[in-house]
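The values are calculated or read from the model by the stated rules, or taken from the named source; none is laboratory data. Keep in mind the model is a prediction, meaning the values are calculated, not measured. Neighbour counts run over all protein chains shown; Cβ positions are idealised from the backbone, glycine included. For the accessible areas, the whole protein counts, side chains as well, though only heavy atoms, and no ligand, DNA or RNA atoms are used. Shrake-Rupley method; radii C 1.70, N 1.55, O 1.52, S 1.80 Å.
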Amino acid sequence: MKQDLLGLKDLSADEIKNILETAKSMKMVLMSPSKKTPHLQGKTVVTLFYENSTRTRLSFELAAKYMSANAANISASGSSVAKGETLIDTAQTIDAMGTDILVMRHDMSGAPHLIAPLVNASVVNAGDGMNEHPTQALLDMFTMLEKKGSIEGLKVAIVGDITHSRVVRSNIYGLTKLGAEVTVGGPSTLMPQGIEQMGVKVFNTVHEAIVGADVVMGLRIQLERQKKGLFPSIREYYRFFGIDETRLKFAKPGALLMHPGPVNRGVEFSSSVIDGPQSVINEQVTNGVAVRMAVMYLLSRGGFK
Ligand code: CP
């Protein structure tokens, strides 16, 4: 039976560890001169994106090509979706062309969960509304593992627009399953009620959230998902929650500075910390390719167990 990757909520700690372990071998392929393996020879990967993307879409496509798969992209704006075709009909049309792995991003939470039982292809969630972005969290965890040696016992502070972030939800599921201590910080208007029930500590000042952290992760302010002003202005947000060199000193010396991207310079972070020695933002991007190679390879072999 085929397996999908819809979210980290559904995966066990062992399954997550298996993906991260496989990604180590994939990173070696990625760093080799040829960047080519036959792991997905004869397989077809299609990315279907209903929202904009630079990192996720390109890294899935490159990951598929590095593993010798046939890879194709389709976006809603350039497809028959613009003529009124439904999501289900679009997904089943792509499936009928012999697709083995369907990578999809949609603005509706639960869209990949709707499609997965209706197609033969393995579905990979590349971000669904405000729900989950599992491969982003996997690449974040892979980066922490690579830099800090272990996830267990790490103190990870996530600061920003918590309410609208699918990245934070996937990271909380993954990091807590692997034994990290997670704190979230941000304005109370961008903090969902009941988030403590996911096993995190909540703070409304950036200082309290990041003090003593091994990892400081910023999240983008998602203006496109906010129907009304949830803070006075971008300038006010930066003044109270933006992270610069002075605020970063509250974290442990040598703490990692992470961001899923795209970063708004001068909003979530100052340019000095983005381009500074603690930033691993570009390494996260590289690791995204390795992790997506691992996910697709394991799915082609039947799953993550
Ligand atoms: N982090 C992330 O999902 O970036 P993109 O929107 O560029 O894919």
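In this structure, does Asn18 turn out to be more than 16 Å from the ligand (Cβ to nearest atom) and in contact with a strand residue (DSSP E or B) (Cβ under 8 Å, 6 or more places away or on another chain)?
On the way: more than 16 Å from the ligand (Cβ to nearest atom): yes; in contact with a strand residue (DSSP E or B) (Cβ under 8 Å, 6 or more places away or on another chain): no.
No: the conditions fail for Asn18.
So which helices (runs of 4 or more DSSP H) are wholly in the range 203-305 and hold at least 1 residues that are modelled with pLDDT of 95 or more?
206-210, 245-248, 271-274, 281-300
Does the range 3-53 hold any residues that are within 20 Å of His133 (Cα to Cα), of a type in the set (D, E, K, R) and either open to solvent by 70 Å² or more (accessible area, probe 1.4 Å) or part of a loop (DSSP other than H, G, I, E, B) (or both), and which are they?
Of everything in the range 3-53, those that are within 20 Å of His133 (Cα to Cα), of a type in the set (D, E, K, R) and either open to solvent by 70 Å² or more (accessible area, probe 1.4 Å) or part of a loop (DSSP other than H, G, I, E, B) (or both) turn out to be Asp4, Lys9, Asp10, Asp14, Lys17, Glu21, Glu51.
When only residues in the range 179-188 that are of a type outside the set (Gly, Ala, Ser) and under 16 Å from Arg220 (Cβ atoms) count, which is modelled with the lowest pLDDT? Please lay out each step first, then the result.
Here is the first cut: in the range 179-188, the ones of a type outside the set (Gly, Ala, Ser) are 181-184, 187.
Retained after the next criterion (residues that are under 16 Å from Arg220 (Cβ atoms)): 184, 187.
Numbers: Val184: 98, Pro187: 91.
Filtering the range 179-188 for residues that are of a type outside the set (Gly, Ala, Ser) and under 16 Å from Arg220 (Cβ atoms), the one modelled with the lowest pLDDT comes out as Pro187.
Looking only at the range 164-215, how many residues end up being over 21 Å from Asn125 (Cβ atoms), open to solvent by less than 10 Å² (accessible area, probe 1.4 Å) and in contact (Cβ under 8 Å) with a residue 60 or more places away in the chain?
Number satisfying all stated conditions: 1.
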